[in-house]
Amino acid sequence: MPGAFTPRMTAALEPRVEAVTESLLDAVTGREELDLVAELTYPRPVIVIAEQLGIPGDDRAMSRRWAESPLLDGRQTTSSASWWRPRWTVSG
């Protein structure tokens with residue numbers, strides 16, 4: 001993805017990143033405890049990147065499973081990852 005993270009492109013994302021941040025913080029407002037990683041620092045970039053890739057909101061949980069999969073760290077092979085069946089495609 002050449003040019004995907006140029007200063008201009010990342011600056012253009014700023015309003016969306018702020019909106020996602022506000023939404024995530026609104027969801028935890030008034031609570032006494034907060035898991036900052038689980039409820040803000042992990043989902044925020046996942047949401048923004050998934051939107052950029054065209055991944056539907058309903059599939060973000062699946063995306064998280066893929067991102068956290070041992071498959072990605074070399075401990076498994078693709079043949080052992082039978083659960084991995086993408087339901088969406090990314091077009092150029």
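The values are calculated or read from the model by the stated rules, or taken from the named source; none is laboratory data. No experiment lies behind these values; they were computed from the predicted model shown. Cβ coordinates were reconstructed from backbone atoms using ideal geometry, including for glycine residues, and neighbour counts include every protein chain displayed. Calculation scope for accessible area: heavy atoms of the full protein, side chains included, ligands and nucleic acids excluded. Shrake-Rupley method; radii C 1.70, N 1.55, O 1.52, S 1.80 Å.
Restricting to the stretch 1-13, and then to whatever is in a loop (DSSP other than H, G, I, E, B) and closer than 25 Å to Asp58 by Cβ, can you tell me which residue is most open to solvent (accessible area, probe 1.4 Å)? Give the steps one after another, and end with the answer.
Narrowing the stretch 1-13 to residues in a loop (DSSP other than H, G, I, E, B): 1-6.
Narrowing the set further to residues that are closer than 25 Å to Asp58 by Cβ leaves 1, 4.
Details: Met1: 158, Ala4: 20 Å².
Ranking the qualifying residues of the stretch 1-13, first place goes to Met1.
In the stretch 26-49, how many are more than 8 Å from the chain's Cα centre (by Cα), of a type in the set (Val, Ile, Thr) and part of a helix (DSSP H, G or I)? Show your work before the answer.
Residues of the stretch 26-49 more than 8 Å from the chain's Cα centre (by Cα): 26-41.
Next, from what is left, pick out any that are of a type in the set (Val, Ile, Thr): 28-29, 37, 41.
Restricting the remaining residues to those that are part of a helix (DSSP H, G or I) gives 28, 37, 41.
Qualifying residue count, the stretch 26-49: 3.
Quick one: which of Arg31, Arg16, Arg8 is over 18 Å from Arg65 (Cβ atoms) and in contact with a helix residue (DSSP H, G or I) (Cβ under 8 Å, 6 or more places away or on another chain)? Give the steps one after another, and end with the answer.
Values: Arg31 fails: in contact with a helix residue (DSSP H, G or I) (Cβ under 8 Å, 6 or more places away or on another chain); Arg8 fails: in contact with a helix residue (DSSP H, G or I) (Cβ under 8 Å, 6 or more places away or on another chain).
Checking each option against the conditions leaves just Arg16.
Residues checked against (1) open to solvent by less than 50 Å² (accessible area, probe 1.4 Å); (2) farther than 20 Å from Ala61 by Cβ:
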residue: Pro15; (1), (2): no, yes
residue: Glu18; (1), (2): no, yes
residue: Ser23; (1), (2): no, no
residue: Glu33; (1), (2): no, yes
residue: Val37; (1), (2): no, no
residue: Pro43; (1), (2): yes, no
